Each structure stands twice: as C-alpha cells, then as structure tokens.
1. Tally time: how many residues in region 159-187 are surrounded by fewer than 19 Cβ atoms within 10 Å (Cβ to Cβ) and closer than 21 Å to Glu401 by Cβ?
2. If we scan region 309-321, do we find a residue that is within 16 Å of the ligand (Cβ to nearest atom) and charged (D, E, K, R)?
3. Give me a count of the residues in region 196-210 that are under 20 Å from the mean Cα position of the chain (by Cα), crowded, with 23+ Cβ neighbours inside 10 Å and within 25 Å of Ser251 (Cβ to Cβ).
4. Kindly indicate whether Gly253 is of a type outside the set (A, V, I, L, M) and either in contact with a strand residue (DSSP E or B) (Cβ under 7 Å, 6 or more places away or on another chain) or within 16 Å of the ligand (Cβ to nearest atom) (or both).
5. Of the residues that sit in region 577-600 and are out of contact with any helix residue (DSSP H, G or I) (no Cβ under 9 Å at 6 or more places or on another chain) and over 26 Å from His272 (Cβ atoms), which one is surrounded by the most Cβ atoms within 10 Å (Cβ to Cβ)?
6. So, in region 159-194, exactly how many residues are away from the ligand (no atom under 16 Å from the Cβ), in a loop (DSSP other than H, G, I, E, B) and farther than 15 Å from Tyr107 by Cα?
7. Quick one: Asp459 ticks every box in (1) surrounded by fewer than 16 Cβ atoms within 10 Å (Cβ to Cβ); (2) touching a strand residue (DSSP E or B) at 6+ places or on another chain (Cβ under 6 Å) bar one, so which box is it?
8. Does Met414 qualify as being of a type in the set (A, V, I, L, M, F, W, C), crowded, with 21+ Cβ neighbours inside 10 Å and more than 11 Å from the chain's Cα centre (by Cα)?
Amino acid sequence: ALDGGMLYPRESQTREIKELNGLWSFRADFSRSRNLGFEKAWFKSPLAQTGPVIDMPVPASFNDITQEPRLRDFIGWVWYEREVVVPQRWLSDGSVRIVLRVGSAHYYSVVWVNGQQVTEHEGGHLPFEADISRVVRASPTVQCRITIAVNNTLTLETLPPGTIQYMNDPSKYPAGYFVQNTNFDFFNYAGIHRPVLMYTTPNVYIDDITVVTGFADNIGVINYQTSVLGSPNPMVKVTLTDKDGQCVASSNGVAGTLKIVNVNLWWPYLMHENPGYLYSLEVHVTAETSGKRYEDFYTLPVGVRTVQVTKTQFLINNKPFYFHGVNKHEDSDVRGKGLDWPLIVKDFNLLKWLGANSFRTSHYPYAEEILQMCDRHGIVVIDDRSFGNASLAHHLVVMEELVRRDKNHPSVVMWSVANEPAAEMPPAEFYFKSVITHTKSLDQTRPVTFITDSNYARDKGAPYVDVICVNSYFSWYHDPGHLEVIPIQLNTQFENWYGKYQKPIIQSEYGADVVPGLHTDPPMMFTEEYQKIVLENYHSVFDQKRKEYVIGELIWNFADFMTAQTVTRVVGNKKGVFSRQRQPKAGAFILRERYWRLANETG
Ligand code: GCB
C-alpha cells in the first residue's frame, strides 16, 4: 500500500502555494554513458557551473522546444534546475510543513534540494511530492536550488513499456548507437509535464479524504473518511456547502455521513439542464500536540452521483447513460504533453461543440486540472491506464496511485486497467484477474474494464470486466479500402461478444486517418470523404445495437497527435476528427450532427 494521500494542492486559511512554473535551466546528458551527470554530481552545484545550459519552459515536453533533432529524439537523463526564494514566514514558523510537488515528469525522476536528494519517483502522468521542510530550513540563505533529473528510457518493466536496442554493426551505425523501440502509437514525449509547486500545510494536516456518494429519493448521502497526520487525536469538523455558499450538512469525526435534503445530483453534460453540480466539502482539523494548538483547512469539491452496470446498461443516477464521446491524448504542437491552459479550455469548448458527453483518457492518467474541468462541466471519464502488459507488481502499484489520486472525481465513472494487452496469452488470465480484483478492492464503487482488440473467444481477461470495451478498425487495418464490409463485420463483432459474455459493450475505438484537406470521390483512404463513410457505416450499426446492449461509442481520435516515425504515419497519427491545431475535418461535422441528435433522443 502507498503511504499517504495525494490531495490536490489547494490554498486555504492554513495552506499557501508557490508555483514554480516558468523557465528552468536545462541540460541533456549526451555523454556516451548517459551517466555523466551522476558521475560528476551535477546536483551539487548550480547546473551552469558544470556545463552549458539552455532555457526550458515548465511545464512542457522538452522534445519540440529546440531545433535540435538529437534533443527531440533524446533518450536518457535530462537535468532541470531553478532557484526559488522561500518566504521568510515559511522558514521561521516551525509549525509549518513545506512540500515540493511535481504534477508529473516522464518517466523516472530524482529530485534534489540544495544538493540533497529529497525523493525519486517512477512513472510519468502521476504526481509525486516530498516534505522538504528540514532541507530548506538547514540552508543558510532564503534562496534554494531545486534540481530534477528525468529519464525517459522505457523498458519492459515500465508503463508504457519499450526496449532499448543497441546497433553494433560499425559499417552501419556510429559507435555506441542505440534506439528506443516502443510498440505504442504515440510519441514518447518527456520532461516535466505538469506544474511544479511548493506548498505548505501545518504540521498537523489533512493528508487524505475519501468520499462515497449515493442518494435515496431526494436525500443525498456522502460517506466521508479523512486521514489526519501529525496528531494522535485530532478533532475533525466537516461542513458541506452548496453552490450558493449555504451550509447544507455538517458532521464531526474523522469519518461520518452527511445527509443532504433536496439534493442536487451530479449529472453529465446534456443529460440535465444543470450538469456538473458540485458541493464543497470543507474539512477543518484542530489538534493540541506537545502543548501547541494546530488547525488545518482543506476544501474538496464533491459531486453526488451513483454508477451501476447491468447486463445491458450503464446507469448514472439510475438512468441509462450512453457514451457518445471521444478518445483523447495530451498532445499538441510545441508543448508536446505539457499542461497548457489555453489548450485545455479550447478542447472543452470543442467537446461541447461536438455534443460529446464523455472521453477516455487514452492511454495514461491525464492532469488533475483536466479531471476538475470534467467534474465542473459534466464530462464523463473512463480513466485509462497503461499500454500492454508490464510487470504485474508494478501494475498493481500504478493502479493504487491512480485510484488514490482520482477516487473523488464524480466525472470518473469507470477504471480501465489496460489497452489492447496480449489478452489471448495464457498468463493473461491470472494477470487480469489480479489487476481487476485489486482495483475493485481499492474502489468498490466503480466498474472496471480494459480495452481489448482480441478475439472474443480467446480473450482471457473479458470474464473479469464489468463492461466489454472493444477496438476495431474495419476497412482500415483489415480490408483496407473496402468500406462496404463494415456493417457485416461490426454486426458480427457485437453479436459475438454479447453472445459470449452478456455484458454491455462500448466501441472504445474506431476511425480512419485523414490528411486534412485531402479529397477524392469515390472516397479513398486518408481523405476526408473516406473518414466520413467509415464513421457513417459504423454509426448505422451502433444505431441498431444501442437499443439492445451497446452503451457507447468513442471515436479514435479527438485530434491528430504525434507518434514515432514509421512508414504508416504521416507526421503523426491522423485519425483525429480535428487536426492537431484543433480545426475540424469533415468527420467532425458528422459526429456533431450525430451526438446532438443522440443527446436529444437518449435524454
Ligand atoms: C489502437 C490503439 C491506439 C492507436 C490506434 C491507431 O488500437 O489503441 O493507440 O493510435 O489504434 O490509430 O492505430
């Protein structure tokens, strides 16, 4: 089990935040061993003293920031550094904890403060933090130096996995040449991808909160559980306020139940005139420890809703929910996978324009800032994790980190533990049974799935999922160019899966590449016309089957995105209905027309 919670940092009467975004000093370790930085202990002195540095924005992937192909394709350690002034009151007040938090860095990170290692973390896409109170207080100056080394090497043990291949033929490659192979379809962007910040809490502090919500008639119920560290017997008071700031329920104790009369439920976008309703759960802790009085405040947004799966339906608040949405990536020009507010807000405006009520976070956990937007706007999320089969032990830990971070988001309605794994191989049965059972033990309130592209009869994981999620690319990877095969093949796909498992099905991917602006008639692959017909042919079958057991359709993909260079990718994957610059292709208009119609029909 993980030690500690991972509450999103929020300011309150007792907590302050200092953002460390902006320009950092940066150097990639191009040495042959890729290990010069550690050999020469670059963390011990300012980075500029041990070699040349360049400006690097945080958050952002480093890959597309310069004109250097060798930095775009760099594999190994990169070093980031900046200085921060720690406020005097943080230093002098011994009752305050100072925490350094990295929203995410890809893939393996080591963090030093003033040359002392404070933490290391494996895995991109999830936050990590360290209590740095002692280290910064030991410093003779208010200035403190933060150094973060990040390594993007992927191996068979990482999530996603990859392999390093050495090219030893001296007639073909320079000495020491190696490449990173990956078998996933997105560019291995790297660097510090999400905000870095320092924040404070009192020494007695709210470390974690878990809420489970429900309702009966017009009475909402919130079961809460808090974890307070730093004191053996804290007093906890919990107050729930509505959108207008009115207190609607309160309770005392580290755990308890709140009842809300005339509850406003959390509803998805387009399912209700007031989607994304959030209450504020304020947790107030007081404690007396060693003769000192402590107080901490933390406010968590809470949506009251239920989720349930039947043989043929996905129910939100006991009403059938049909997923009409998209798969996304965290990906854009220049910043790669770096968090970018203009992009986030633009994407939500495009989702709403499309009439999309949901997306899957293919293929990794997205920034918490994005999930908060989903909570507020009522966009339903399938929280997706991982690609392929990693080591089982690591996969279990990663699911723990994901559930710990995302458990309180009303928008997250289902966990997905893998994408297109080798589910037909004999070890897959034990593997998926273990990962799914473990995830269910961490969260008893949400269904669990994984995304499959296996044969329905040989898939070893399907018996353990709540919802079957199937990817298929008829008339693209199979029968390329033959649009007319889609209806029969898709129909067979659905009947096979439902016939065998009697579980509801989501078409979790389908689509076709389009180079924006390419046109032919009759339609040919890679043109706008071809994507249009692929979509229409899939839709005709969805329309028959959604009256039975198909509960959703998620297009691959929302927008074009970057991939490794291969002969099947024309400057990235072009299956977006929007271009990478977020301009609509013909397919976007087809989806828009359809999603708004579905919203009106399914209510
Ligand atoms: C898939 C993968 C996705 C790819 C997509 C494609 O099945 O899940 O990562 O990008 O197909 O376009 O090939």
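The values are calculated or read from the model by the stated rules, or taken from the named source; none is laboratory data. Nothing here was measured: the structure is a model prediction, and the numbers come from that model. Ideal geometry is used to build each Cβ from the backbone, glycine not excepted, and the neighbour counts take in all protein chains shown.
1. 0
2. No.
3. So the answer is 0.
4. Yes; evaluated as a whole, the condition is true for this residue.
5. Result: Arg580.
6. 11
7. Condition (1) is where Asp459 drops out.
8. It is true that Met414 is of a type in the set (A, V, I, L, M, F, W, C), crowded, with 21+ Cβ neighbours inside 10 Å and more than 11 Å from the chain's Cα centre (by Cα).
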